Amino acid sequence: MSGLPEFLPHDGASAERMLLRELAQQIDDELVSVIDMVSEAASSCDGTEARAALASVQDRLENHMRLHHALQMPQFATTVDLAAYLQQLGRSISRSRLEPEGIALSLRLQPLTMSSERCWLLGRIVFELITASARHVRSGTGSIRLEVRGTANSVTCCAIDNGPPDEARTRGAHPTVEMLVARLNGSMDVRVGPGATRTVVEIPRRA
C-alpha cells in the first residue's frame, strides 16, 4: 500500500464493518488454534506416514489462513497496488484450493493503482470467479487464466477457464459477483464457447 493512510470513514455501515472484522478475527483465531493442534500432533507422532499426512494438513490450513487474510476488509482508506494484491490473492487461492485438485492458475496483470476499498471488492469478485471456474474444470487438466487491464477511467477483469460448455453459467450463475459488480457500478458479461468460458467484469476505476 502507498500514500498516507486514513481511517475509513465512519458512517451508517461502521457497525457492520466492525462486526465483519470481529468475525474475521474469530475465524483467524480458530484457524490458528487448529493449526497449533495439528502441529503438536505431528510433533508427537511416531509414524512417518502419519507425520507426513499431518504436515500436509497443516500446510493446507496455513494456506487457507493466508487466503482468509488476503480477503479481509481493509482497515485504512489508501491507495493500493492492484496487481501486487491480485498476485498475492491468486497465489493464496491456488495453494489452498487449486493445486490440491491439479488445477493451474495463470495471471496476466497490468500494473494499476486503486483505492483500497475498490481493490478489496474487486478481489472478492476475482475470488468468486476463480472459485466458480474451479467447480467446472476437470481436476488434473483444468486451467484458469485471469487477465486484468485498465485505463484512466476503468478496470477490466477477465476470467477464462477450459471447462466444458454449459449455457447455465450465463443465467444467474454468479449472484455474489453480480451484487458486487452492481455495488461498484460495473457490468458483467459471460460467454460460453466450445473451448473456453469467458467472464468479463468491467468497473469504474474510481467511485
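Anything in region 133-151 that is more than 12 Å from D161 (Cα to Cα) and either polar (S, T, N, Q) or at pLDDT 95 or above (or both)? List them, or say none. I'd like the intermediate steps shown before the answer.
Of region 133-151, the ones more than 12 Å from D161 (Cα to Cα) are 139-140, 148-151.
If the condition is that a residue be more than 12 Å from D161 (Cα to Cα) and either polar (S, T, N, Q) or at pLDDT 95 or above (or both), then S139, V148, R149, G150, T151 are the ones that fit.
Considering (1) farther than 19 Å from I160 by Cα; (2) of a type in the set (A, V, I, L, M, F, W, C); (3) surrounded by 18 or more Cβ atoms within 10 Å (Cβ to Cβ); (4) touching a Lys or Arg at 6+ places or on another chain (Cβ under 9 Å), the lone condition that I130 does not fulfil carries the number (1).
Candidates are the residues of region 167-196 that are out of contact with any helix residue (DSSP H, G or I) (no Cβ under 6 Å at 6 or more places or on another chain) and of a type in the set (S, T, Y); the one that is farthest from T156 (Cα to Cα) is T170. Scanning region 76-106 for residues that are in contact with a helix residue (DSSP H, G or I) (Cβ under 8 Å, 6 or more places away or on another chain), within 26 Å of S187 (Cβ to Cβ) and in contact (Cβ under 8 Å) with a residue 40 or more places away in the chain yields a count of 7. Looking across region 150-176, the residues that are touching a Ser or Thr at 6+ places or on another chain (Cβ under 8 Å) and not charged (D, E, K, R) come down to G150, C158, A159, I160, N162, G163, P165, H174. Any residue in region 170-194 that's in the same structural domain as G123 (by TED's automatic domain parsing): show its pairings with residues that are surrounded by fewer than 18 Cβ atoms within 10 Å (Cβ to Cβ) and of a type in the set (S, T, Y) at Cβ separation under 7 Å, as long as the two are six or more apart or on different chains. Between residues of region 170-194 that are in the same structural domain as G123 (by TED's automatic domain parsing) and residues that are surrounded by fewer than 18 Cβ atoms within 10 Å (Cβ to Cβ) and of a type in the set (S, T, Y), the close pairs are V181/S187; V190/T170; V192/T170. Within region 92-123, the set of residues being surrounded by fewer than 17 Cβ atoms within 10 Å (Cβ to Cβ) and not hydroxyl-bearing (S, T, Y) comprises E99, P100, E101, G102, A104, R108, Q110, P111.
Starting from residues that are small (G, A, S) and in contact with a Gly (Cβ under 8 Å, 6 or more places away or on another chain), keep the ones in region 133-186 and report whichever is surrounded by the fewest Cβ atoms within 10 Å (Cβ to Cβ). Selected residue: G140.
The values are calculated or read from the model by the stated rules, or taken from the named source; none is laboratory data. What you see is a predicted model; the values in this text were computed from it and never measured. Quick reminder, even Gly has a Cβ in these numbers, built from the backbone with ideal geometry, and neighbours come from all protein chains shown.
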